[in-house]
Each structure stands twice: as C-alpha cells, then as structure tokens.
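I have placed the structure first, in the form of structure tokens, so that the comments after it can refer back to it.
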Amino acid sequence: MSLLAGDQKPVIAVLTVDDEWTQFRGNRANFRDIVRTGRELNYPVYIVTTKDLKLSANKIQGYGYSPEDKQWKKQWFPLPQVIYNRIPLREDEQRPSVRRKIDECIRHGSVQLFNPYFFNKWTLFDWLKQNRTTKALVPATKRMRSFKSLLPMLEQYGSLYLKPESGKAGKGIMLLQFDEAEKRPYRLTIQGLRQKNVVYKTGKPLLLWKRIKAETGRVPYIMQEGIELASYKGRHFDIRMLVQKTERGIWTVTGVGARLAGHRRITTHVPQGGSVEEPEKLLIPAFGKEMTASLLNRLKSSGLLIAKQIEKGSGHTLGEMSMDLGIDLDGKIWFFEANAKPMKFDEPHIRKKSLERIFQFSHYLYQQGKV
Ligand SMILES: Nc1ncnc2c1ncn2[C@@H]1O[C@H](COP(=O)(O)OP(=O)(O)O)[C@@H](O)[C@H]1O
Ligand SMILES: [Mg+2]
C-alpha cells in the first residue's frame with residue numbers, strides 16, 4: 001500500500017435522473033465510455049439517479065456496467081466523493097425535487113459536484129458582457145420582448161438571429177433579414193425539420209411580428225446581431241471547442257472541431273444537414289495558411305477566457321463546457337453559445353482525451369475538498 005495520500009482515488013458518480021422505462025436517462029454510449037475509462041484509470045465510477053442519491057446514507061444504489069453481458073446492473077456502491085452532473089434534459093433538471101438534490105450536493109461538506117446546471121443563452125451573454133475582453137467577442141444580444149425593440153435592432157444590424165433562450169440543436173432558430181431593395185423587404189427564414197427551410201416575406205411589420213409570434217409562442221427568445229460567417233465552397237462554417245479543466249484545475253482546450261452548414265442552411269448542426277470537418281480544411285482556403293495558425297491560437301485563447309468568465313458568472317464549480325464560436329469574413333471571432341453538458345466529440349483523439357480529463361479533474365476536485 002502506498003503511503004502517498006495523492007494515490008488514493010475518489011469514488012465518482014455520474015448523476016442523471018431515473019426513467020420509468022429505461023431505468024435512467026442519458027446517452028448510454030457516453031455513460032459506457034465514461035465507466036470504461038474510469039475502469040482503465042482505476043477510478044471507481046457508477047451512474048446514480050437523483051432519486052437514489054441519498055447523501056446521508058453510507059451506501060448507494062447505482063448502476064454499474066458489466067462488459068461481459070453488456071448490461072447495466074443495479075448494485076450497491078460507496079458514497080461518491082465527486083459527482084459529475086450529466087442530467088440530459090433541462091426540463092428534468094428544473095424539477096423541484098431534482099433541484100433540491102443538486103443544491104444539497106452543492107452544500108454538502110465532503111461531496112464535490114461539478115457542472116451543476118445547464119446554461120441559459122441569455123445569462124451567458126450577460127456574464128460575458130461583464131468583462132471587457134469577453135464582451136468584445138459577443139454579438140449584440142437582447143431579449144426579444146416586444147416588436148418595438150425588434151425593428152430598431154434589425155435596422156441597426158441588417159440581419160438578426162432569433163433563438164430560444166433554452167434551445168439546442170438548432171431547434172426554433174430563425175433568421176430575420178431586411179432588404180430595402182425588395183418589394184417585401186422583411187424576410188424571415190425559419191429552420192424547419194430535416195432539410196426544409198420556410199421563408200416568409202412581407203412588407204408589413206405587424207404581419208412579420210404575427211408570424212414570429214406564431215413560431216415562438218410563449219417560449220422566451222433572444223435576438224442577436226447576425227454575423228456573416230466565413231464559408232467553404234459557399235457553405236458557412238463555425239467552430240466547436242471543448243474546454244475542460246486539467247488534473248491541476250486549470251482550464252485547457254481539449255479539442256477544436258469545425259462544423260460545415262448544409263447547403264442554404266442557417267445553422268451548422270449535423271441533424272440540419274451540417275457535417276463535421278477538420279478546422280484547417282475549412283480555414284486555410286478562407287484565410288490562408290499563416291492566418292489560420294494565428295486564428296487557431298486566437299480561438300483557443302478566446303475559448304479559455306470565455307470559460308473562465310462563464311465560471312465566474314455562474315458562481316459554481318465547472319469542469320468542462322463546449323462552445324460554438326463563429327469567425328466572420330474579417331477573421332474576427334464571435335461567441336454563440338456554451339453548453340454545460342457537452343455532446344460527444346466524434347473526433348477519436350478528442351474523445352479519448354475528453355474522457356480522461358473528466359477523471360483527472362475529478363481527482364483534483366477531490367484533493368481540493370479534503371481538508
Ligand atoms: N448571431 C449569429 N450570427 C450568425 N450565425 C449564427 C448566429 N447565431 C447562431 N448562428 C448559427 O446557428 C448555430 C446555432 O446557434 P446556437 O446559438 O449554437 O443554437 P443551438 O443552441 O440551437 O445550437 C451556430 O452554431 C451558428 O452556426
Ligand atoms: Mg449550438
């Protein structure tokens with residue numbers, strides 16, 4: 001047995017919610033990869049639901065993965081020292097019983113929880129505006145409350161992205177453009193499911209607002225300056241970055257990927273016809289070799305600044321986030337959103353590193369928590 005305290009590994013629980021039909025919610029393949037990585041690195045790790053997580057007990061019912069019979073099995077586990085929140089849906093995380101459990105973890109003396117909550121699009125912009133450097137990276141953004149505030153903003157920027165505050169995967173996103181040369185100058189592009197866009201044109205502001213309201217209903221939206229993104233073969237692209245903390249608790253960039261929009265699509269999401277690409281493949285034709293190298297460096301340093309500012313704004317311990325960054329025609333970097341529950345990166349080298357970092361950072365947290 002080693003006498004070095006640093007050798008002792010924390011017990012890690014991946015937090016989710018229970019499900020009537022499938023035992024627990026969340027991406028199984030992701031959970032399997034996490035458990036497998038934990039095993040490889042010698043960390044005890046299991047999946048736990050908010051319902052089963054009883055912090056006053058000395059053992060807990062969780063799910064372990066048995067690779068032999070390819071099944072999740074409910075078993076008893078020791079109380080975790082570190083909890084990694086992977087509750088997959090905002091609606092679940094917002095349920096009072098779930099919130100209470102998360103709050104209990106945050107307040108608990110000997111349990112460390114990281115990434116306690118989803119981010120909201122609006123609050124992210126609010127946090128980033130509070131720092132001079134990150135403020136320069138965010139497009140002008142306002143809450144879309146009334147028709148009165150929409151038109152002056154459209155006039156100022158020429159095009160606006162309208163996005164749900166709690167959206168994901170491009171759902172509900174619209175692009176509003178004004179072209180005075182047109183007979184019907186207001187043009188609203190509504191991203192439909194799969195390959196279909198719906199375009200609505202009108203010359204009457206009130207009809208425009210009526211159409212927008214018909215799409216948004218009661219869902220809160222933000223309106224945002226439209227950025228003219230750099231493109232590759234006539235298709236726009238943007239950058240996905242995974243930022244995580246290391247074994248020393250320092251923010252670092254785990255991976256950078258690019259997403260190329262589908263033909264005539266207003267977002268770059270893969271389910272919307274977008275594709276995953278190597279950043280250099282898209283950046284070099286647009287900006288040249290030399291500028292691409294410096295752009296990639298600027299992207300990374302911007303990503304780190306953004307992560308730090310978001311963590312500060314949130315007031316909670318964060319261990320990772322993914323972000324969407326755009327690059328305009330002049331090579332200026334723009335922040336679009338950050339996600340506290342990053343999706344899997346398909347690029348294999350990024351994927352492996354990202355799984356390992358979850359454990360390395362958990363170890364760091366555990367050591368910080370021990371007094
Ligand atoms: N202000 C904007 N200007 C230009 N393109 C944008 C803007 N906002 C979003 N987009 C495009 O739409 C995509 C999705 O926007 P995002 O805010 O990430 O929404 P979601 O939560 O649905 O992923 C971005 O990755 C980008 O390609
Ligand atoms: Mg996004």
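The values are calculated or read from the model by the stated rules, or taken from the named source; none is laboratory data. Everything numeric here is computed off the predicted structure, so don't read it as measured data. As a convention, Cβ positions derive from the backbone with ideal geometry for all residues, glycine included, and neighbour counts pool all protein chains shown. What goes into the accessible areas is simple: the full protein's heavy atoms, side chains included, and nothing from ligands, DNA or RNA. Shrake-Rupley method; radii C 1.70, N 1.55, O 1.52, S 1.80 Å.
With θ taken as phi - 60° and the Karplus curve 6.51 cos²θ - 1.76 cosθ + 1.60 applied, the whole-hertz 3J(HN,Hα) list for segment 160-175 is 9, 8, 10, 9, x, 4, 10, x, 7, 6, x, 5, x, 7, 10, 10 Hz, x standing for glycine and proline. Placing unit charges on each Cβ (+1 for Lys and Arg, -1 for Asp and Glu) gives the chain a dipole about its Cα centre, and among ASN30, SER159, ILE350 the Cα reaching farthest toward its positive end belongs to SER159.
Considering all alpha-carbon pairs of the chain, what whole percent are spaced by more than 29 angstrom? Taking all Cα-Cα pairs of the chain, the fraction more than 29 Å apart is 46 percent. When the square roots of the Cα gyration tensor eigenvalues are ordered a ≥ b ≥ c, the ratio a/c for segment 99-144 is 1.5 or more and a/b exceeds b/c, which makes its shape prolate. Remark: segment 196-308 carries a charge dipole of roughly 560 debye about the Cα centre, counting +1 on each Lys and Arg Cβ and -1 on each Asp and Glu Cβ.
The listed residues LYS213, LYS289 rank as LYS289, LYS213 when sorted by accessible area, largest first, using a 1.4 Å probe.
Counting heavy atoms of the protein chains alone, GLU215 has an accessible area of about 80 Å² for a 1.4 Å probe. Whole-percent P(r), segment 18-161, all Cα pairs, 10 Å bins from 0: 9, 30, 25, 17, 14, 5, 0. Keeping all protein chains in position, work out how much accessible area HIS263 exposes to a 1.4 Å probe, and write it in Å² to the nearest 10. Spelled out: HIS263, probe radius 1.4 Å, area about 140 Å².
Computed as a quarter of the hull surface, the mean projected area of the alpha carbon convex hull for segment 141-225 stands at 5.3 nm². In the complete set of protein chains, residue-level accessible area for MET144 is approximately 20 Å², probe 1.4 angstrom. Net charge dipole, the chain: roughly 860 debye, given to the nearest 20, about the Cα centre with Cβ charges of +1 for Lys and Arg and -1 for Asp and Glu. Pick from PRO80, PRO220, PRO279: which is most flexible by mean-square fluctuation in a GNM of the chain where alpha carbon atoms under 10 Å apart are linked? Of PRO80, PRO220, PRO279, the most mobile in the Gaussian network model is PRO220. Of the residues LEU89, PRO78, HIS108, the one whose Cα sits farthest towards the positive end of the charge dipole of segment 65-142 is LEU89 (charges of +1 on Lys and Arg Cβ, -1 on Asp and Glu Cβ, taken about the Cα centre). The Kirkwood radius of segment 298-338, taken over pairs of alpha-carbon atoms, gives through the Stokes-Einstein law at 10 °C and 1.306 mPa s a diffusion coefficient of 145 µm² s⁻¹. Near THR268: Cβ cut-off under 13 Å, other residues only, Lys/Arg at +1 and Asp/Glu at -1. The net charge is +1. Relative to the longest principal axis of the Cα atoms of the chain, the long axis of helix 96-107 makes an angle of roughly 60 degrees. Taking amide H positions as modeled 1.01 Å from N, with prolines and chain starts lacking one, the residues under 5 Å from TYR232 and 5 or more places away or on another chain are PHE237. Backbone amide hydrogens, once placed in the peptide plane, bring PHE24 within less than 5 Å of ASP19, excluding anything fewer than 5 places away on its chain. Extension gain for the segment PHE147 to ASP69, taken as residue separation times 0.36 nm less the Cα-Cα distance, is 22.3 nm to one decimal.
If you line up the long axis of helix 205-216 against the longest principal axis of the chain, both from Cα atoms, how many degrees apart are they, to the nearest 10? Approximately 20 degrees, to the nearest 10.
Rounded to the nearest Hz, the phi-derived 3J(HN,Hα) couplings of segment 316-321 under the Karplus curve 6.51 cos²θ - 1.76 cosθ + 1.60 (θ = phi - 60°) are 10, 7, 10, x, 6, 7, where x marks glycine and proline.
Accessible surface ranking for ARG298, ARG240, ARG25, ARG107, 1.4 angstrom probe, highest first: ARG107, ARG298, ARG25, ARG240.
Please list, in chain and number order, the residues 5+ apart from MET144 or on another chain whose amide H is under 5 Å from its amide H, with Hs placed from the backbone. Amide H neighbours of MET144, under 5 Å, 5+ apart: TYR221, ILE222, MET223.
Rank GLY274, PRO220, GLY249 by how far each Cα sits towards the positive end of the charge dipole of the chain (+1 on Lys, Arg Cβ; -1 on Asp, Glu Cβ) and give me just the farthest. So the residue furthest toward the plus end is PRO220.
About its Cα centre, segment 141-225 has a charge dipole of approximately 440 debye under the convention of +1 per Lys or Arg Cβ and -1 per Asp or Glu Cβ, with nothing else charged.
Computed from backbone phi with θ = phi - 60° and the Karplus coefficients 6.51, -1.76 and 1.60, the 3J(HN,Hα) list for segment 289-304 is 5, 5, 5, 4, 4, 6, 4, 4, 5, 5, 4, 5, 5, 5, x, 5 Hz; x is used for glycine and proline. Among SER56, SER166, SER354, the sequence by solvent-accessible area, most first, with a 1.4 Å probe is SER56, SER166, SER354. Cα centroid separation, segment 181-227 to segment 269-308: 29 Å. Between the helical axis of 147-157 and the longest alpha-carbon principal axis of the chain there is an angle of about 80 degrees.
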